[in-house]
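The values are calculated or read from the model by the stated rules, or taken from the named source; none is laboratory data. Predicted model only: the values in this text are computed from it and were never measured. Note that we place each Cβ from the backbone using ideal geometry, even for glycine, and neighbour counts take in every protein chain shown.
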Amino acid sequence: MARKDHEPSMFAKVTAADTAVVFIDPQNDVLSEKGANWGAVGASVTENRTVENMERIFKAAKATGYLVFISPHYFYPTDDNWAFNDPLEADEFDTHTFARRGPLTLEGFASSGADWLDRFKPYIEDGKTIVTSPHKVFGPQTNDLVLQLRKRRIARIILGGMLANMCVESHLRELLEQGFEIAVVKDATAGPRHPVWGDGYQSAMINYRFLAHAVLSTDEVIAAMS
């Protein structure tokens, strides 16, 4: 089963009518130097120029009329009562990653770890970007992303965000099962590095090549959108 590193031809004729950008967790705790997880992800974010490339895609999408969807990750105080967690969830609760004070209040949200990166706010808060309900583990099975995409007849997805081997890969797998055609933007994501578990970004790149319809650079994505 031969497979090229990436296949831009599959997304060479995308149009705003059936294709959307989906960004996972564009939030301070995983993209800001002040975020709770910068120690684990900072090197990968910096090397990939993840923030800069996500912003380039935001700009291109807004300029060419592509819809943008955000699938955020939030935890509320009541989630502290979960009876069990996987290793990453346990770490997220320990560091208060993506923590909010409740689903019906924005008290303390501004500039918190759960808030958007400041440089993304003009794009996300323009009244046109679709922010879904939060996913609670890693994939979109626990939020309304698929419904929001279907209601707009989106068939193709340009996928990026954080973390490469966790939430982004989980979204990729579920959206594939739901019948979407997906291009992952390899330099608009990043992953954690762990001294024992390994490099999450490199792990994700292997799986993306087996699973996604295309694995593209930001340059290739912007060229296809123009």
Which is closer than 22 Å to Gly65 by Cα, surrounded by 17 or more Cβ atoms within 10 Å (Cβ to Cβ), at pLDDT 95 or above and in contact with a Phe, Trp or Tyr (Cβ under 9 Å, 6 or more places away or on another chain), of Ala183, Ala155?
Ala183
Looking only at residues in segment 178-200 that are outside any strand (DSSP E or B) and not aliphatic (A, V, I, L, M), which one is nearest to Leu163 (Cα to Cα)?
Gly191
Does segment 189-202 contain at least one residue that is surrounded by fewer than 24 Cβ atoms within 10 Å (Cβ to Cβ) and farther than 23 Å from Gly42 by Cα?
no
Modelled with pLDDT of 95 or more and out of contact with any strand residue (DSSP E or B) (no Cβ under 8 Å at 6 or more places or on another chain): is that true of Ala83 in this structure?
no
For Gly102, which of the numbered conditions (1) surrounded by fewer than 16 Cβ atoms within 10 Å (Cβ to Cβ); (2) in contact with a Pro (Cβ under 9 Å, 6 or more places away or on another chain); (3) part of a helix (DSSP H, G or I); (4) not hydroxyl-bearing (Ser, Thr, Tyr) fails to hold?
(3)
